[in-house]
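Take a look at the structure below.
The values are calculated or read from the model by the stated rules, or taken from the named source; none is laboratory data. This is a predicted model, so every value here is computed, not measured. Heads up, the Cβs are rebuilt from the backbone with ideal geometry, glycines too, and the neighbour counts pull from every protein chain shown.
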Amino acid sequence: MTLARLWFRSWDPLGAASALVAQWQPPPDSDSEQALEDSLYQFLQTRLPGFRITRQYAHDRLKADIVIEQAVAIELKYDLDHKSEYQRLIGQLEDYAQWNMPLVLVLAGRTDPDIEHRVREHLERRFDSLYPRARLIMRP
């Protein structure tokens with residue numbers, strides 16, 4: 001294992017992954033969650049050469065969109081603007097809370113402001129009780 005991989009896994013995977021996702025610019029023609037996942041995966045591959053970056057990482061009943069070094073999960077949502085999509089996301093977040101892995105949640109495209117507020121509140125209540133284990137990043 002390279003020194004960079006060791007540092008990523010043991011020092012601050014949530015902070016490092018969040019910073020990278022914040023630097024990522026989704027393609028302006030992205031019109032689906034799959035297109036965003038493809039773009040983010042390619043971006044991470046170029047920024048983290050030699051790192052294990054897994055798409056559709058399965059754990060228990062849930063699949064994370066991207067996992068870096070089995071140290072941090074990234075979940076992407078595109079156009080989160082309906083109550084049913086919000087409720088499904090809350091169910092996913094509850095499953096993620098059972099993982100022993102930090103989470104970066106990326107909301108891209110149109111996001112209902114009320115839903116964004118509720119998601120932020122849920123992350124704070126469920127993931128940040130002892131120390132930050134989740135970050136929300138908004139992308140256009």
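Test Asp79 against the stated conditions and say whether it is surrounded by 15 or more Cβ atoms within 10 Å (Cβ to Cβ), within 18 Å of Arg139 (Cβ to Cβ) and without any contact (Cβ under 8 Å) to a residue 60 or more places away in the chain. For Asp79, the condition - surrounded by 15 or more Cβ atoms within 10 Å (Cβ to Cβ), within 18 Å of Arg139 (Cβ to Cβ) and without any contact (Cβ under 8 Å) to a residue 60 or more places away in the chain - is met.
The single residue among Leu89, Leu62, Leu130 that is among the aliphatic types (A, V, I, L, M) and modelled with pLDDT of 90 or more turns out to be Leu89. Scanning the range 51-92 for residues being part of a strand (DSSP E or B), of a type in the set (A, V, I, L, M) and within 22 Å of Arg118 (Cα to Cα) gives a total of 6. Restricting attention to the range 101-123, does a residue exist that is over 13 Å from Val21 (Cα atoms), of a type in the set (S, T, N, Q) and in a loop (DSSP other than H, G, I, E, B)? Scanning the range 101-123 turns up no residue that is over 13 Å from Val21 (Cα atoms), of a type in the set (S, T, N, Q) and in a loop (DSSP other than H, G, I, E, B).
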